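Read the structure below first, then the notes.
The values are calculated or read from the model by the stated rules, or taken from the named source; none is laboratory data. Note that the structure is predicted; figures quoted are calculated from it, not measured. Cβ placement follows ideal geometry from the backbone for every residue including glycine, while neighbour counts extend to all protein chains displayed.
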Amino acid sequence: MGQITVDQSHQVVATLVTNTTWEDIDFEGAGLQNLVIRNPKEAGRQFTAFLKNGGRIIVGEPGIIHIDRTAPFDPVKFLGQRWTIGEEDERSLELTQLDLSKVLLKHMLKKGESSIRGEEELRRLKSADYVRLDAKIFQTFWENQQLIPELWKERTDGNITFVFFDGTVLRGPSGDRCVLCLYWGVGRWNGDYCWLGHDWHVYHPSAVLASI
């Protein structure tokens, strides 16, 4: 199916305006007025997600999310000039949908270890044959934050939990390697990256699938 045109989008909105019983909707009580006025981009993202889901309202957490692979993750657009992709988990790149019930948050610390370097964490993930979720899946969550599992908000040993997407290893302008992460802080989701030369702790798990 092709992209919707501007005229088609206007027709959709006009149809909704004409056929919606507006007096039955409590905009203030539902928080819709504040959302649209104060954060129109987020309102647009939520409406887009609603339409992409076939007009169905998701009750509770979604089980399966769709990954749009028509355009690959663009590190320059997301992070800036001279950012490149160093390596990726090809098995993750083949995923066009993701069953959230099968996603594991794994750290690779051994008994007695309080931390390891990020490069060692990555080596152990590869050795364990986990499917490391890639940057496009990170981007899907970032652009549709209502899809992020509530469990990921929980702290680990009192620390903010940073969920890493090691399926894409990025190279910064200086050539250093890093991976992207999501974390819940100050009442909202945040996106960041961490250099693989830094220390990884128990609160730095990776989002993975068991080997396919």
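Just wondering, is there one or more residues in segment 94-112 that are polar (S, T, N, Q), part of a strand (DSSP E or B), free of Cβ contacts under 8 Å to residues at least 60 places away in the same chain and within 19 Å of R69 (Cα to Cα)? Yes. Just for segment 126-160: of the residues that are of a type outside the set (S, T, N, Q) and part of a strand (DSSP E or B), which one is farthest from H204 (Cα to Cα)? Only one residue fits best here, namely V131.
Only one entry of V202, V179, V163, V208 meets the criterion of being part of a loop (DSSP other than H, G, I, E, B) and either buried (at least 21 other Cβ atoms within 10 Å of the Cβ) or assigned by TED's automatic domain parsing to the domain that holds T70 (or both), and that entry is V202. Of all the residues in segment 151-164, those that are farther than 20 Å from Q97 by Cβ and touching a residue at least 40 places away in the same chain (Cβ under 8 Å) number 8. Checked against (1) free of Cβ contacts under 8 Å to residues at least 12 places away in the same chain; (2) in a helix (DSSP H, G or I), R91 passes all but condition (1). Looking only at segment 113-134, residues that are touching a residue at least 40 places away in the same chain (Cβ under 8 Å) and polar (S, T, N, Q) come to 2 in all.
For segment 87-102, filtering for residues that are buried (at least 16 other Cβ atoms within 10 Å of the Cβ) and under 30 Å from G175 (Cα atoms) leaves 6.
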